[in-house]
Amino acid sequence: MSNLEVEPQEIVCEADSSALSGVEILEPRLVPLGGPRAMTVRRTLPQRGRSLVGAWCFADHYGPDDVAATGGMDVPPHPHTGLQTVSWLFAGEIEHRDSTGAHAIVRPGELNLMTAGRGIQHSEVSMPDTSTLHGVQLWTALPESARNGAPFFERFVPEVYDHEGARVSVFLGSLLGRSSKASAFTPIVGAQLDLPAGTRIQIPVETSFEHGLLVDSGTAFLDGALVPVGSIGYRAPGVDRIELSAGSEPVRAVLIGGEPFPEAIVMWWNFVGRSHDEIVASRSRWMSEVIEDGDPAGLFGEVNGYDGSALRAPELPLGRLRPRGQPGV
Ligand code: MN
């Protein structure tokens, strides 16, 4: 997925004292993906007051979306640097093409993970026979040690297992003694949790991790706090377990977490870097090498098989982009 906001706003992170105790609710904002009949996503990360949960730096939740009414997803080739895109669906199928040559169909319950490293481009289009599109797209920020590496794409289908009556799929990192085989570069967790109505479960967690519960459906409680559908319930580090419960309806949610990301990042459009000048350089290379020259030998390579033009980068905001990080880090 691309950040298709016409004027992507820089969001300055501010410390929030409510994060020091209990559960903090991060509410989504609605963002149209672009086009005359665009589908709209609910974006919870980044937002004012919280840019990251562990290395997770971006969270879009969408659907169930009636493709006949909205046109579904059609995101032309666009770049990424310094991050991983994590595509995780509940319903529907998306065709992925990228400049490593990867061509994959993203299906429910199957992780599609694209590690951008120093630079990649990709397109994402819902499949013609998809009538309902429903899922999340998440990004992780790559640490300094991994962010300049070569791009690559991988798929991983996690086992679904039972935990106290809930179904759990760990698609990235580790949880409950289970680990994903997909590449992770920081201590992290990403998992789907399905709770039958009326159930309550305890999940032992790493005390050094912070966590966010992104609720897709049902009446979900995180450590007793109601987390509305589309919102993230945030839990700071320092606890060795979290409690989830479902009200009168089953709950489906995605748990993200990890050690607080130790590096300040500069995030703008589809780039994660470390400085204003680096972002300017990434934008410049995208515009000159891809949009103007169509040079397949450039940093972002080329995407084969997409019917249409690559996305132009938005104009940079006035002033310098400032780094963001954890409150207090
Ligand atoms: Mn993308």
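Some notes on this structure:
- Checking each residue in segment 76-100 for being touching a residue at least 60 places away in the same chain (Cβ under 8 Å), more than 15 Å from the chain's Cα centre (by Cα) and not in a strand (DSSP E or B) picks out S99, T100.
- Some residue of segment 66-74 being more than 16 Å from the ligand (Cβ to nearest atom), more than 16 Å from the chain's Cα centre (by Cα) and part of a strand (DSSP E or B): yes
- Any hit, segment 297-304, residues being touching a residue at least 24 places away in the same chain (Cβ under 8 Å), assigned to a loop (DSSP other than H, G, I, E, B) and within 16 Å of the chain's Cα centre (by Cα): no
- The sole residue among H122, H103 that is touching a residue at least 40 places away in the same chain (Cβ under 8 Å) and out of contact with any Ser or Thr (no Cβ under 8 Å at 6 or more places or on another chain) is H103.
- Residue match in segment 63-79 (condition: under 16 Å from A253 (Cα atoms) and out of contact with any Ser or Thr (no Cβ under 9 Å at 6 or more places or on another chain)): no
- Matching entry among I265, I232, I256, I279 (being buried (at least 21 other Cβ atoms within 10 Å of the Cβ) and free of Cβ contacts under 8 Å to residues at least 60 places away in the same chain): I279
- Qualifying residue in segment 170-181 (condition: more than 21 Å from the chain's Cα centre (by Cα) and over 17 Å from G257 (Cα atoms)): no
Residues checked against (1) in a loop (DSSP other than H, G, I, E, B); (2) within 19 Å of the chain's Cα centre (by Cα); (3) at pLDDT 95 or above; (4) loosely packed, with under 15 Cβ neighbours inside 10 Å:
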residue: E7; (1), (2), (3), (4): yes, no, no, yes
residue: C13; (1), (2), (3), (4): yes, yes, no, no
residue: S18; (1), (2), (3), (4): no, no, no, yes
residue: V31; (1), (2), (3), (4): no, yes, no, no
residue: R43; (1), (2), (3), (4): no, yes, yes, no
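- Sole residue being within 16 Å of the ligand (Cβ to nearest atom) and either surrounded by 15 or more Cβ atoms within 10 Å (Cβ to Cβ) or under 13 Å from G257 (Cα atoms) (or both), chosen from V189, V136: V136
- Applying the set (1) outside any loop (DSSP other than H, G, I, E, B); (2) more than 24 Å from the chain's Cα centre (by Cα) to I256 leaves exactly one unmet item: (2).
- Inside segment 47-65, residues that are assigned to a strand (DSSP E or B) and hydroxyl-bearing (S, T, Y) make up a count of 1.
The values are calculated or read from the model by the stated rules, or taken from the named source; none is laboratory data. Nothing here was measured: the structure is a model prediction, and the numbers come from that model. Cβ: placed from backbone, ideal geometry, glycine included. Neighbour counts: every protein chain shown.
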